[in-house]
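Visitor: Take this structure, written in structure tokens, and hold onto it; I'll ask about it next.
The values are calculated or read from the model by the stated rules, or taken from the named source; none is laboratory data. Given the structure is predicted, the values throughout are model-derived calculations rather than measurements. Heads up, the Cβs are rebuilt from the backbone with ideal geometry, glycines too, and the neighbour counts pull from every protein chain shown. Note: areas computed on protein heavy atoms with side chains; ligands, DNA, RNA excluded. Shrake-Rupley method; radii C 1.70, N 1.55, O 1.52, S 1.80 Å.
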Amino acid sequence: MNGNGDAGLLIVGHGSTVNPDSSAPTLANAAEIRRRNVFADVQCAFWKEEPSLRDAIFLFDPDSIKNVFVVPNFISEGYFTQTVIPRELELNGRITKRANGQVWNYGEPVGSHPLMTELLVQRAREIAPGIPENETSLLIVAHGTDLNENSAVAAKREAEKIRGLGRYANVLNVYMEEFPLVSDWRVLTSTPNVVVVPFFISDGLHSYEDIPVLLGIAEERSTPNPLPTGDDVFRRGPYQIDNRSLFYASSIGTDPRVADIIVEQATAAARANDSVN
């Protein structure tokens, strides 16, 4: 997809009313894609921030933008991508033809793109440069929940793909709220080095606070010693625990190459549209 003069891109994020960092990766990706001039217009919309998903329907001028490509900046298929976004954007499938003449094309979430595996491996190398991979366990951390198993499935899929590369001594998918638990990393791994990469779109309460506490590299906020703020928790590593080195990365969705994934997911949606027409 190169310089499509009548195409718009809508990047959909979750957003947050309490965490300003939640929307930061989505906004940064939009700015980068605008710089590339791939689309005539690039906009963002959020579930918990402005502009809202309901308002997104009116963000693109139907006189100049004939095709709108929607890419969810989410890790996995699930409740938001399958129910909330289609409902709020009034989509009736992968391709929706509106009364104003626009055609809205609904793409796959960024977390399902094959490049995500490469980004996870790259992030692990960046946070632990020079560490022998055959003496290192890599943990891919997701939220995990009884409400939506797809989040857990996505982390499991990526762990299996990285494991198949045969690079690390061990590659595990672990979770905050279901087994195997990230808090059990000491018994789940036996290598002298452990690298932890959160499988989240943005850095927020989970990556800044919850996971560090579960790993044992930070104290509960209610104790006299407050948690590190901002990127501090990522810069402090390696953490020495039980004579082992633990490296903690920022969330994978903050990688600038996610912008490439968004464009490719939009391109895939365009190809799907072409195959129908």
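Visitor: Hey, can you tell me all the residues within segment 102-127 that are within 18 Å of Leu9 (Cβ to Cβ) and either open to solvent by 10 Å² or more (accessible area, probe 1.4 Å) or polar (S, T, N, Q) (or both)?
Guide: Correct list: Gln102, Val103, Asn105, Tyr106, Glu108, Ser112, His113, Leu115.
Visitor: Based on what the data block shows, is Ile75 hydrophobic (A, V, I, L, M, F, W, C) and assigned to a loop (DSSP other than H, G, I, E, B)? Full working, then the answer.
Guide: Details: hydrophobic (A, V, I, L, M, F, W, C): yes; assigned to a loop (DSSP other than H, G, I, E, B): yes.
Yes, satisfied.
Visitor: Please state which one of Pro198, Pro228, Pro192 is in contact with a helix residue (DSSP H, G or I) (Cβ under 9 Å, 6 or more places away or on another chain), over 13 Å from Val141 (Cβ atoms) and at pLDDT 95 or above.
Guide: Working: Pro198 fails: over 13 Å from Val141 (Cβ atoms); Pro228 fails: at pLDDT 95 or above.
None of the others qualify; the one that does is Pro192.
Visitor: Which residues, counting only those in segment 5-41, are surrounded by 21 or more Cβ atoms within 10 Å (Cβ to Cβ), in contact with a Gly (Cβ under 9 Å, 6 or more places away or on another chain) and part of a strand (DSSP E or B)?
Guide: Phe39
Visitor: Has segment 57-68 got at least one residue that is assigned to a strand (DSSP E or B), out of contact with any strand residue (DSSP E or B) (no Cβ under 6 Å at 6 or more places or on another chain) and hydroxyl-bearing (Ser, Thr, Tyr)? Write out each step before concluding.
Guide: Restricting attention to segment 57-68, the residues satisfying the condition of being assigned to a strand (DSSP E or B) are 67-68.
If we keep only those that are out of contact with any strand residue (DSSP E or B) (no Cβ under 6 Å at 6 or more places or on another chain) as well, we get none.
Scanning segment 57-68, I find no residue that is assigned to a strand (DSSP E or B), out of contact with any strand residue (DSSP E or B) (no Cβ under 6 Å at 6 or more places or on another chain) and hydroxyl-bearing (Ser, Thr, Tyr), so the answer is no.
Visitor: When you go through Leu89, Leu59 one by one, which is the residue that is open to solvent by less than 30 Å² (accessible area, probe 1.4 Å), of a type in the set (A, V, I, L, M, F, W, C) and touching a residue at least 24 places away in the same chain (Cβ under 8 Å)? Outline the logic, then answer.
Guide: Details: Leu59 fails: open to solvent by less than 30 Å² (accessible area, probe 1.4 Å).
From the options Leu89, Leu59, the qualifying one is Leu89.
Visitor: Does Val182 count as out of contact with any helix residue (DSSP H, G or I) (no Cβ under 9 Å at 6 or more places or on another chain), closer than 16 Å to Ser245 by Cα and hydrophobic (A, V, I, L, M, F, W, C)?
Guide: Values: out of contact with any helix residue (DSSP H, G or I) (no Cβ under 9 Å at 6 or more places or on another chain): no; closer than 16 Å to Ser245 by Cα: yes; hydrophobic (A, V, I, L, M, F, W, C): yes.
No: the conditions fail for Val182.
Visitor: Scan segment 132-142 and give yes if some residue there is small (Gly, Ala, Ser) and either within 16 Å of Ile252 (Cβ to Cβ) or surrounded by 17 or more Cβ atoms within 10 Å (Cβ to Cβ) (or both), otherwise no.
Guide: Restricting attention to segment 132-142, the residues satisfying the condition of being small (Gly, Ala, Ser) are 137, 142.
Next cut, either within 16 Å of Ile252 (Cβ to Cβ) or surrounded by 17 or more Cβ atoms within 10 Å (Cβ to Cβ) (or both) only: 137, 142.
There is at least one residue in segment 132-142 that is small (Gly, Ala, Ser) and either within 16 Å of Ile252 (Cβ to Cβ) or surrounded by 17 or more Cβ atoms within 10 Å (Cβ to Cβ) (or both).
Visitor: Residues that are modelled with pLDDT under 95, under 27 Å from Pro198 (Cβ atoms), out of contact with any strand residue (DSSP E or B) (no Cβ under 9 Å at 6 or more places or on another chain) and open to solvent by 50 Å² or more (accessible area, probe 1.4 Å): does segment 71-80 have at least one?
Guide: For segment 71-80, residues modelled with pLDDT under 95, under 27 Å from Pro198 (Cβ atoms), out of contact with any strand residue (DSSP E or B) (no Cβ under 9 Å at 6 or more places or on another chain) and open to solvent by 50 Å² or more (accessible area, probe 1.4 Å): present.
Visitor: Give me the pairs: first residue in segment 99-117 and among the acidic types (Asp, Glu), second residue surrounded by 20 or more Cβ atoms within 10 Å (Cβ to Cβ), beta-carbon distance under 9 Å, and six or more apart or on different chains, which are they?
Guide: Glu108/Val71; Glu108/Pro72; Glu108/Thr81; Glu108/Gln265; Glu108/Ala269
Visitor: When segment 144-191 is examined, which residues are found to be open to solvent by 60 Å² or more (accessible area, probe 1.4 Å), assigned to a loop (DSSP other than H, G, I, E, B) and not aliphatic (A, V, I, L, M)?
Guide: Residues satisfying the conditions are Asp146, Glu149, Gly166, Arg167, Glu177, Phe179, Ser190.
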